[in-house]
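Have a look at the structure below, then the notes.
The values are calculated or read from the model by the stated rules, or taken from the named source; none is laboratory data. In this text, all values refer to a predicted model and were calculated from it rather than measured experimentally. Methodologically, a virtual Cβ is constructed for each residue, glycine included, from the backbone with ideal geometry; neighbour enumeration extends over all protein chains shown. These area figures cover heavy atoms from the full protein model, side chains too; ligands, DNA and RNA do not enter into them. Shrake-Rupley method; radii C 1.70, N 1.55, O 1.52, S 1.80 Å.
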Amino acid sequence: MNKAWLVCAAVALCGTLISCSSKAKAVSMTAALDEADRYIAQGYPKDALKILASCEKKILSPMEAIGVYKRYCALDNKKAAEKVLKNNLKKNPDNLELNAVYAWFLDKAGRSDEAFKKAAALRGTNYGSLYSEYFLRNGASEAGAKEQSYFLSNEMQALYVDAYNGSGDNAWLRNAALCSMKRGEYGDAAQMVPDQKKSSSDAYFWGLVFFDNKKYGEAAESLLEASEALKKNEDRFADGISESRKVNSIEVASLLSDCYVNMGEDKAAEEIRNDLIAQITLGAENGTAAEVGSTESLLGTMYLNSALYALQKNNDRAAYNILTFVTQKWPDNVSALIAYGNFAYNSSRRVMDDPLTKSLRDAGVVSTDMKRFDETPRVAVSDALLRMKESVARTHNDALYVAALELEDKIDDSSDERTRLGRMYRVLERNATGADLYPEAIAQYAVHTLLRLDRYDEAKQMFLKYLTARYKLGSERPFEEDLVLNLQKMSLWEVEYAGYFAAKEKNTDLTKRLYEYAVYESGFSNSYGGTEISPAAANESAVNLAMIYSSVGNKDKALELYGRAQSRATDNYMRSDIMYRLACIYDAKKDAAAAVKSLEYSLYLNPSNGNARLLLGKFQNNF
């Protein structure tokens, strides 16, 4: 019993002695280092070196080693300082602090290659910014010389994140987000948004990231922050953004209005545009107009969007005023000139000379439609065509050239099919760039014209020859295989026309692949997984793909896609047709109630939809 007690007491005492001894050494080390500091401050380096030499033998932790190292550095004894680090790294090879300090020491000593290798172990840690700095300073230029895309690689993204963690500079985080966006991983990029945006340009960048991720609410929030920063001139912390990259109010307002449009808040979008236009107008009157610079064309687009909004609201006078201003202010704005041409055509085609209208006018009665007709400004199509052709002469813009050709076709009611066909082939001949090769806009115009003239075989032959010549299809592999492999190189209209021709030839597999690319992948990445319609895709492509899904028995996917297409369609005739197609699927699924509801809405949108009326009658007769 007594022996056991003595053993326990001995163990306890031993534990106490070891603990006290360790504490005593720590106190002794601290005191010794303080004494070395006093000698260094008083100018007695030899005495300080003696104390540090004694301390080296008592080092118990990496932090004590770093303490001794710092004093050797203060005495400019680099050899002893490095020796301390190397000896203690042998004992603690994975210690981050020792590795970080040694990497820093090697870099300051001009031994950049050794520093770079030592810092490599710090990647992904709290000291990862050291490796990022050394790589960007020493290794990045060599990597960049091989391939510039390397700077958007996964490896570089990790470097940018480390650099941000070490510096807190949002510029590094923006670089990391760009890497994710390059891979189409917009969701990952959006998750990198910092807690605090440090400039209007920084807030604008994250607004772009959210916008591309279709998070329009978050995008609008970031853009409002950018707008406020611009108003308060709060760009003191430019955050790595050069003067040429700084954002202005036009860019912010343009994207903000687009956010509201995508959220279905057209009125709010128009208010944003009107506010900016009013500020610019007031600034011009006061001689303090804002710098427009490279965003002048963007400003023209905002004016154009306001004109289109006015047309949507049947405000022809406002649309006329804006379009007239824009075409005069920016005489080479392609979109504005095309819209001006359409306005001219529509305003010249509208007539109210029927007998009923004449009798009402004779009686002094003016209806709402008559009043609107009388108040609608008229634009001569000849004036629009002249402006378009003058711009083409200056810019040689193919899209505008084609728009002028199509406008001429629309107003030339007297020309027969043969005349129009001859004109189209002359256009091809004048603009050919090689055998079966033409500028894209010209090729699209030719295919569209041939189809409009019901010359399907000619259109198909001309289009396939054009694709073959442009992308060298069928030279090494079968044409269809080559076509699918080249989708990412092709323009969206080419893919959509290829899908149309494949559908007409009843090539279901090829049609499905082409339309899936057009609807889901154009302008996006495969990471979207085929759930969102690309903003660039035509609604007709979505409808055609839904029809393909339905034909191969995938009714649920067809219903989902029809629903998405219907929600983004702006034309009531198309929306009515989509609702009819939905009704057909519900009918096949034996869901009569849903089918009837879809048909009723289809007829509400377009009372002249004969197919919908016929199918609805079938249901009504069965009830």
Applying the gyration tensor rule to the Cα atoms of the range 575-623 (axes a ≥ b ≥ c; rounded if a/c under 1.5, else prolate if a/b exceeds b/c, else oblate), the class is oblate
Taking a straight Cα-to-Cα line shorter than 25 Å from residue 465, and setting aside same-chain lysines fewer than 8 residues away, one finds 489, 504, 506, 512
Whole-Å distance linking the alpha carbon centroid of the range 406-445 with that of the range 544-602 is 36
P(r) of the range 399-455 over all Cα-Cα pairs, 10 Å bins starting at 0, rounded to whole percent, reads 22, 60, 17, 1
Rounded to a whole number, the Stokes-Einstein D of the range 26-80 in µm²/s (Kirkwood radius over Cα pairs; 37 °C; 0.692 mPa s) is 302
With label points set 7 Å from each Cα along the Cα-to-Cβ direction at residue 536 and residue 621, the distance between them in nm comes to 4.8
With all protein chains present, the range 580-623 has a carbon and sulfur share of its accessible area (1.4 Å probe) in percent of 52
In terms of the alpha carbon gyration tensor, root eigenvalues a ≥ b ≥ c, rounded if a/c is under 1.5 and otherwise prolate when a/b exceeds b/c or oblate, the range 469-520 is oblate
Under 11 Å by backbone N from the virtual spin label 7 Å along Cα-to-Cβ at residue 469, the residues of the range 479-505 are none
Computed for the range 382-494: size of charge dipole around the Cα centre, +1 on C-beta of each Lys and Arg, -1 on C-beta of each Asp and Glu, debye to nearest 20, value 300
With label points set 7 Å from each Cα along the Cα-to-Cβ direction at residue 183 and residue 38, the distance between them in nm comes to 5.8
Output ordering of 79-87, 333-341, 168-176 (per-residue mean of other Cβ within 10 Å, highest first) is 333-341, 168-176, 79-87
Under the rule rounded for a/c under 1.5, else prolate if a/b exceeds b/c, else oblate, using alpha carbon gyration tensor axes a ≥ b ≥ c, the range 484-616 is classed as prolate
For residue 591 and residue 570, extending 7 Å from Cα along the Cα-Cβ vector and measuring point to point gives, in nm, a value of 2.9
